[in-house]
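Participant: Before we start, here is the structure in question, set down as structure tokens.
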Amino acid sequence: EETALHLKDRKLEALEYITHAKLYFYENPEKAQQLMKRADECLQGSNLRRIALHNDITKLILILKQINLTSSALDDMKQQAKKILDECVEKQFANSVIRSNLVLGTLYFLSDKNISKNPISLYYLNQGIDASLRFGIGTYIWEIYTLLALISIRQHQPLDYTARLFETVFQQLRRQNLLHARSSDFCYGNLLAISNIAKFYAIHKFESEFYQ
């Protein structure tokens, strides 16, 4: 941050705030929100839409962490996410295209309490997978497949099908070296994914298979 201020580089300063915010994402959402707001202030009047849209998506994700979101709030967020997605697709902002689809998949998953056989959330998640393959970005595959597995559970799909989805999550986490807790600080979502996998195996299979 000091370097960005010294250089008077608004782009670098905004990136500093966005990166810093992610460190507080789970443990201190209020702090994260403040830092993202400061990033917005740095970006005002600039043409740095790639960074601004990335920050807009992250702000939506932070709101998603709240419990008991109303249907009206979810609908408003869907509209915001769709606008972001449209601009990202138009401008070929690869990373944000994937993240926007993941956010929309999550929003529709939360909205559809009695989830149907072909929920809208699946459309956006599959679009996210397609974009990941098209752009060669595998970073978010484990997050997408975690949600696919949760949808599968809610739909009462066969256990072996759900197990394959969780196995994909596990392998993607392994590939990205995310099968760990780097420290006691809870600042990354891989711990949630690992917990979901462990819970599934503990309930439906021998727990020893998970540790193998």
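The values are calculated or read from the model by the stated rules, or taken from the named source; none is laboratory data. Note that the structure is a prediction, hence the values are computed from the model and not measured. Because the Cβ atoms are built from the backbone with ideal geometry, glycine has one as well, and the counts that use them run over all protein chains shown. These accessible areas exclude ligands, DNA and RNA; they are computed on the full protein's heavy atoms, side chains included. Shrake-Rupley method; radii C 1.70, N 1.55, O 1.52, S 1.80 Å.
Participant: Residues to consider are 57, 18, 61; find the one that is under 20 Å from residue 93 (Cα atoms), among the β-branched types (Val, Ile, Thr) and surrounded by fewer than 20 Cβ atoms within 10 Å (Cβ to Cβ).
Facilitator: 61
Participant: Identify all residues within the range 118-130 that are at pLDDT below 90 and either closer than 24 Å to residue 67 by Cβ or surrounded by 17 or more Cβ atoms within 10 Å (Cβ to Cβ) (or both); write none if there are none.
Facilitator: Once the filter is applied, which keeps residues that are at pLDDT below 90 and either closer than 24 Å to residue 67 by Cβ or surrounded by 17 or more Cβ atoms within 10 Å (Cβ to Cβ) (or both), the range 118-130 yields only 119.
Participant: Evaluate the range 61-68: report whether one residue or more is under 21 Å from residue 127 (Cα atoms) and part of a helix (DSSP H, G or I).
Facilitator: There is at least one residue in the range 61-68 that is under 21 Å from residue 127 (Cα atoms) and part of a helix (DSSP H, G or I).
Participant: As an exercise: evaluate residue 75 against (1) without any contact (Cβ under 8 Å) to a residue 40 or more places away in the chain; (2) surrounded by 15 or more Cβ atoms within 10 Å (Cβ to Cβ) and give the number of the one condition it does not meet.
Facilitator: In the conditions (1) without any contact (Cβ under 8 Å) to a residue 40 or more places away in the chain; (2) surrounded by 15 or more Cβ atoms within 10 Å (Cβ to Cβ), residue 75 misses (2) alone.
Participant: Give just the number: which of (1) more than 30 Å from residue 177 (Cα to Cα); (2) free of Cβ contacts under 8 Å to residues at least 24 places away in the same chain; (3) open to solvent by less than 60 Å² (accessible area, probe 1.4 Å) does residue 115 not satisfy?
Facilitator: Residue 115 satisfies every listed condition except (2).
Participant: Among the residues of the range 94-121, write down those that are touching an Asp or Glu at 6+ places or on another chain (Cβ under 8 Å) and farther than 28 Å from residue 156 by Cβ.
Facilitator: none
Participant: Additional query: In the range 131-161, which residues are in contact (Cβ under 8 Å) with a residue 24 or more places away in the chain, closer than 15 Å to residue 200 by Cα and open to solvent by less than 30 Å² (accessible area, probe 1.4 Å)?
Facilitator: Result: 146, 147, 148, 149, 151.
Participant: Within the range 35-43, is even one residue surrounded by 14 or more Cβ atoms within 10 Å (Cβ to Cβ), under 22 Å from residue 140 (Cα atoms) and at pLDDT 90 or above?
Facilitator: Yes: one or more hits.
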